[in-house]
1. Classify region A:545-693: rounded, prolate or oblate, from the alpha-carbon gyration tensor (a ≥ b ≥ c, eigenvalue square roots; a/c under 1.5 rounded; otherwise prolate if a/b is larger than b/c)?
2. Using 0.36 nm per residue, how much length does the chain from A:Arg200 to A:Ala228 gain when fully extended, once their Cα-Cα distance is taken away?
3. Tell me which residues come under 5 Å, amide H to amide H, from A:Ala386 once H is placed; ignore anything under 5 positions away on its chain.
4. Starting at the first residue of region A:524-536, write each ³J(HN,Hα) from the Karplus equation 6.51 cos²θ - 1.76 cosθ + 1.60 with θ = phi - 60°, in whole Hz, x for Gly and Pro.
5. Using 0.36 nm times the number of residues separating A:Ser359 and A:Asp483, minus their current alpha carbon distance, what extension gain do you get?
6. Could you check the simple spin-label distance between A:Asn436 and A:Arg561, using points 7 Å along Cα→Cβ, in nm with one decimal?
7. Lys/Arg Cβ at +1, Asp/Glu Cβ at -1, dipole of region A:235-369 taken about the Cα centre: which of A:Leu245, A:Pro265, A:His349 is farthest positive-ward?
8. Taking 0.36 nm per residue of sequence separation and subtracting the Cα-Cα distance, how much length would be gained by fully extending the chain between A:Gln506 and A:Ala645, in nm to one decimal?
Amino acid sequence: MADPNGYPDDIEDTFPDGFGGDDGFPGDRPSGLAPSGFQPAPAATAGGGIAARAMAARRSQAPDYLEGLNPEQRDAVMTLEGPLLVLAGAGTGKTRVLTTRIAHILATGSARPSEILAVTFTNKAAREMKDRIAGFIGGHVEGMAWLGTFHSICVKILRRHAELVGLKSGFSILDTDDQLRLIKQIIQAEGLDEKRWTPRAFAGMVDGWKNRAQTPNEISHGEAAAFAGIGRKLYAEYQDRLSILNACDFGDLLLHVITLFKNNPDILADYQRRFRFMMVDEYQDTNVAQYLWLRLLAQGNANVCCVGDDDQSIYGWRGAEVDNILRFEHDFRGAKVIRLERNYRSTSHILAAASHLISHNEGRLGKTLFTDISDPDEVPVAVASAWDSEEEARAIGEEIETLQTQGHRLNDIAILVRASFQMRSFEDRFVSMGLNYRVIGGPRFYERLEIRDALAYFRCVVQPADDLAFERIVNTPKRGLGDATLKLVHELARANRIPLMEAAFQLCQTEEIKPKARTALKGVLDNFARWRRELETAKHTELAEIILDESGYTEMWRTDRSAEAPGRLDNLKELIRSMEEFESMAGFLEHISLVMDRDSEEGLDAVSIMTLHSAKGLEFDTVFLPGWEEGLFPHQRALDESGKAGLEEERRLAYVGVTRAKKRAKIWFTSNRRIHGQWQSSIPSRFLDELPEAHVEIVESSSNYGGYGSYGGGGYGASRFDGRDPFQSSYSTPGWQRAQKARAAQDTVLERGSFKSSRQRKAGPMTIEGELVAKSVASTPSPYSLGERVFHIKFGYGAISAIEGNKLTIEFEKAGQKKVLDSFVEKH
DNA sequence: CCGGGACTGGTTTTT
DNA sequence: CCAGTCCCGG
């Protein structure tokens, strides 16, 4: 019985062999999915009357899962048919709507789990969504085979049709590091100067092209001629090499699927039929390729629901097109738009501040967040200033301590910075005061050297053609396989268009390489051959251990006496432990190439330090926003490179920052900042002027001279920030001067005991307004004089030729000219 | 093969 | 200023 849209009764049957079967799971029947307390509609006969059934369900008994939704949210959940754009402001329950909507689709029997496509940007978001859906429908989330990131969904599709885009199904996915090494080889092969034409720059261009779904033939004339005139050629070569390697980069995952769909209408049609409902989270972050991908799939059946917030689009620089969301109604005809503006997160002061700030942007779809909840104790958004980043860190650290003594948890506090170099002063400060913190977004587990090496071994076993992996470990640990030998292998491989491993094997059969290298190479190849045989029989975790042992890799770190070595061995153990969750080595490798998860040590109570970008989607009771200065935020480079659009993206970033706060937001700016080693006096950010006076309080002094609840100043308008010189106003008030005096006294004490802070302070041009400059170290004259003869424990005797604070330049009699700290020399 | 010295570039980041 | 990379010398 086919429905009016032509859907066959059993969709599974229309897919090629093996396509539907492996999606089978116990819960792939709508009737088994009703949430408790809700009487499910009869099992779906595909098509027909979804809305009607939903209405019927609602009439008979409002299902549990709709409880507590506001009217707009409910509308978004129940609108199943046709294109739908949900404009969900910060903290308006976006994820809840998305997950409830899926629950609703399942509960009403409108589709089976495997017929729902739900796309997110990050693995974290996908996981969260899965967890929350599991809350509704129990263990049957596993049936949501198509809930994942754009990339993981694309891989799934590509594995089935790899041959159609010139790959084999077992293709590997290169990460940025592999990608760069490959590009470097190509640039070298072209004889370009790597210094002028850096692999990184080219990788950036490739990324840009792939973000726009352009193959080498489709890039513009201008870009084809970019990169020393051979942009197109290099791009084509790169793609060619990837194909020979049977590998993809991240961008390819989308690009290949788009190519696949365009060239194979039958396959596209299958997927169009399969995906009865499509949902995209964070739609404002989609790039052109993702948009095209979605368009292709949505052509069959326009039940597309995109959720996003144009005001939170902060990834323009990596290809996201705000236009996608701004043009939704135009691109998806008859689209319904629902705005979620009721905020459940922040106080009205915070919302008012954020709304007023973002209202300075043009070209928005326009939303105004509001809340009904009124908290009699709520405080305005605070703005405070500091002399430099160290004082900023110190003041914030002290405020955090105060909050802590008042019973606030550190987990509820975050510091959100514009650029990661800002984190340093906070880390330094928090370490010295013993305040627990955690940096979000640092280096990732799978990016560590030892992990990549280990993975390269595994890749070589699973994917013998993975040249990049082979290159990486062929001489790690050292086996005496130097450049000379490898060059031979490369030449043979290139000449015959065969994988390196194969070339190496052939080379071992000849007399062309030196006996020593030959033995070593043969040893490696024999090992791989043996491990590959064991792949069939041994348990993959055990095999992994065998590989690392027999290759000498573990041994290499065991004998390494550097400080990091033990940690690296631990990481290797951890790697093998994490493999246990997977069925096979291949399955594991696939997982890690896509899911570069971070370490999470959620256990302890700690302040979070992260960039504004990585804060999107999170919330904290208290948020500190340091560094609101022109040039840093908005960032100069954003202004220079993208002009007004750049400024607006920076402003959205500011909006994201402020809206992370539930109860307290405090913004900071400093008057001096060291940039590229140079001290520069800074001007308060224009965004400060864009905050509404009525909801913002200028905090006179900071840290132990005030803190929350005892604002000194008051009565200053935001226009105060307009001045070129912030010192004229608040910096000359009596309260400020008093604070400075007290602080200067305290600094003297602090710095006597702290080598680090005195070292860091020395370079400051502390010359403005004498009294403020009473920083002990900066003004202390050096005890040494020019020409003086001194002794250094390592360099011996010498004469001072220059003095710069506590740093001396000395002409040593034996060692020549060196720069040393005065504390390391003695008078002689 | 390691390490010191020269040189370079320094916003944001996921997959 | 500082961290990462590259190149060359011992």
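1. Values: a/c = 2.60, a/b = 2.17, b/c = 1.19.
Since a/c reaches 1.5 and a/b is larger than b/c, the shape of region A:545-693 is classed as prolate.
2. Details: separation 28, 0.36 × 28 = 10.08 nm, distance 1.46 nm.
So the extension gain works out to 8.6 nm.
3. The list, which skips near neighbours in sequence, is A:Phe669, A:Thr670, A:Ser671.
4. Whole-Hz 3J(HN,Hα) from phi for region A:524-536: 4, 5, 4, 4, 4, 4, 5, 4, 5, 5, 6, 3, 6.
5. Details: separation 124, 0.36 × 124 = 44.64 nm, distance 5.97 nm.
That works out to 38.7 nm of additional length.
6. Inter-label distance under the simple model: 3.7 nm.
7. Among A:Leu245, A:Pro265, A:His349, the one farthest towards the positive end of the dipole of region A:235-369 is A:His349.
8. Details: separation 139, 0.36 × 139 = 50.04 nm, distance 5.64 nm.
Answer, rounded to one decimal: 44.4 nm.
Every number in this text was worked out from the coordinates using simple rules, so none of it is lab data. Because the structure is predicted, anything quoted here is derived from the model rather than measured. Ideal geometry is used to build each Cβ from the backbone, glycine not excepted, and the neighbour counts take in all protein chains shown.
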